[in-house]
Amino acid sequence: MSILHRASFTVSAARLDQLPPPTTSEVAFVGRSNAGKSSAINVLANQKRLAFSSKTPGRTRLINLFGIPDPLDPGQSLGFLVDLPGYGYASVARDAREEWAEVLGGYLRQRESLAGVVLLLDIRRGVTELDRRLAHWIAPTGTPVLALLTKADKLPYGQRLKAVASVRKELAELGTLAAVPFSATHRIGLEEAAAHIENWISPKVVP
């Protein structure tokens, strides 16, 4: 069983100073508000309602942490899956969007326990200007990124490969970047994505 299947809700925070101290590996999920972030977290954790999106896209502004218990010390967390607020909805007031960006950027640049970022992109839309801006925030930190190209079931196999190549080219500034076609409903790319995330949380010891 994947260690991700043991994830459970730990805490929500509206500001960075409300987060628990950075003590163990955190893997952050980030993407446009309609990129399928909640669905991806749920299928990776093999749970139906671990993460859930607001009925009004763009309304979820909290940072949600889901702890993965340490099998050797169940009272402690081996790591956390971190659901960051979605971005990109024009219907959200400008001052709220700027506050949001400050929380997102602050977390991605300053969080010492951040081990990896899962960037969710709709495979049919590719990399948007907001996604590029996010990449600019992440690039200076050297944090590895896994781009999940969601809704991959909507494209034939050949087009998925082209989309992966395009994302790798457009986000080349992210030195450590993996791109995987992904579909929560059809479970495309699920094992590959889970392996990346598990290794960030609990790195495999290579002899």
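The values are calculated or read from the model by the stated rules, or taken from the named source; none is laboratory data. Values in this document were obtained by computation on a predicted structure and should not be read as measured data. With ideal geometry, Cβ positions are generated from the backbone for all residues, glycine too; neighbour counts draw on all protein chains shown. Note: accessible area is taken over every heavy atom of the protein model, side chains too, but ligands, DNA and RNA are not part of it. Shrake-Rupley method; radii C 1.70, N 1.55, O 1.52, S 1.80 Å.
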| request: Search segment 124-137 for residues being in contact with an Asp or Glu (Cβ under 9 Å, 6 or more places away or on another chain) and of a type in the set (A, V, I, L, M, F, W, C), and hand back the single one that is surrounded by the most Cβ atoms within 10 Å (Cβ to Cβ). | output: ALA135
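Consider ALA115 carefully, then state whether it is touching an Asp or Glu at 6+ places or on another chain (Cβ under 8 Å) and part of a strand (DSSP E or B). Walk me through how you get there before you give the answer.
Values: touching an Asp or Glu at 6+ places or on another chain (Cβ under 8 Å): yes; part of a strand (DSSP E or B): yes.
Criteria met by ALA115.
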| request: Tell me which residues, restricted to segment 158-188, are out of contact with any Ser or Thr (no Cβ under 7 Å at 6 or more places or on another chain), assigned to a loop (DSSP other than H, G, I, E, B) and touching a residue at least 40 places away in the same chain (Cβ under 8 Å). | output: LEU171, THR185, ARG187
| note | Log entry, pairs with first residue in segment 52-70 being within 22 Å of LEU130 (Cα to Cα) and of a type in the set (Gly, Ala, Ser), second being at pLDDT 85 or above and open to solvent by less than 60 Å² (accessible area, probe 1.4 Å), beta carbons closer than 6 Å, six or more apart or on different chains, reads SER53/SER38
| query | Is it the case that PRO74 is at pLDDT below 85, over 23 Å from ASP131 (Cα atoms) and open to solvent by 40 Å² or more (accessible area, probe 1.4 Å)? | reply | yes
